[in-house]
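Enquirer: Here it is, the structure in full.
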Amino acid sequence: MLFVLFAPSLITAAAICCPSWAASAPVQQTAAGQKTAVTQGQAQKPEDETYNYQSGGRRDPFLSLVYSAQQAEKKKRAVGRPPLEQYEVSEFQLEAIVTGKGLPSYALVKLPNGKDYVLKEGETAGVNEGKVIQIAPDHIVVRETTTDLRGKRASHNIILKLRKQEG
């Protein structure tokens with residue numbers, strides 16, 4: 001015969017000695033820190049045990065520090081600049097191109113803010129200060145010079161193609 005006194009250490013000892021008794025009386029901790037017995041009808045459901053991360057102003061531990069620093073620098077560079085230099089060139093949507101023999105060519109682009117702007121060859125576009133080097137009948141080419149993590153500068157061309165009209 002097993003005598004159980006209601007002291008926390010003895011209840012734990014009784015649960016170790018008699019596992020069937022421990023399984024029949026699950027314990028739930030309340031918000032005030034008190035432990036109460038849970039009846040079989042009150043068992044917690046898995047969806048009740050979700051966890052929400054509260055950052056409290058701290059950085060996201062799953063983001064790369066290098067990536068975060070690059071994004072902060074891009075935002076800092078874009079403040080107070082013309083709208084064509086506040087977005088990545090890849091975010092531009094090429095709407096129309098106007099060309100003519102012996103006349104300068106122009107391209108109409110839509111920015112993520114929903115406004116349309118006209119580009120011409122030699123104009124600066126994008127946060128990396130790219131230059132429009134070519135406006136062809138079906139695409140435009142913007143050359144950007146960027147610096148990698150090692151400090152090496154590299155130029156690359158970004159091609160924006162004119163979308164074919166549906167219908």
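Enquirer: Looking at Y67, Y87, Y117, can you tell me which residue is at pLDDT below 90 and within 25 Å of K164 (Cα to Cα)?
Expert: Selected residue: Y87, the only one of Y67, Y87, Y117 that is at pLDDT below 90 and within 25 Å of K164 (Cα to Cα).
Enquirer: Additional query: How many of the residues in region 76-124 are assigned to a helix (DSSP H, G or I) and touching a residue at least 12 places away in the same chain (Cβ under 8 Å)?
Expert: Adding up the residues that qualify gives 8.
Enquirer: Can you tell me which condition D138 does not meet? The list is (1) surrounded by fewer than 10 Cβ atoms within 10 Å (Cβ to Cβ); (2) more than 30 Å from V66 (Cβ to Cβ), and all the others hold.
Expert: D138 satisfies every listed condition except (1).
The values are calculated or read from the model by the stated rules, or taken from the named source; none is laboratory data. Everything numeric here is computed off the predicted structure, so don't read it as measured data. So basically every Cβ, Gly included, is an ideal-geometry build from the backbone, and we count neighbours across all protein chains shown.
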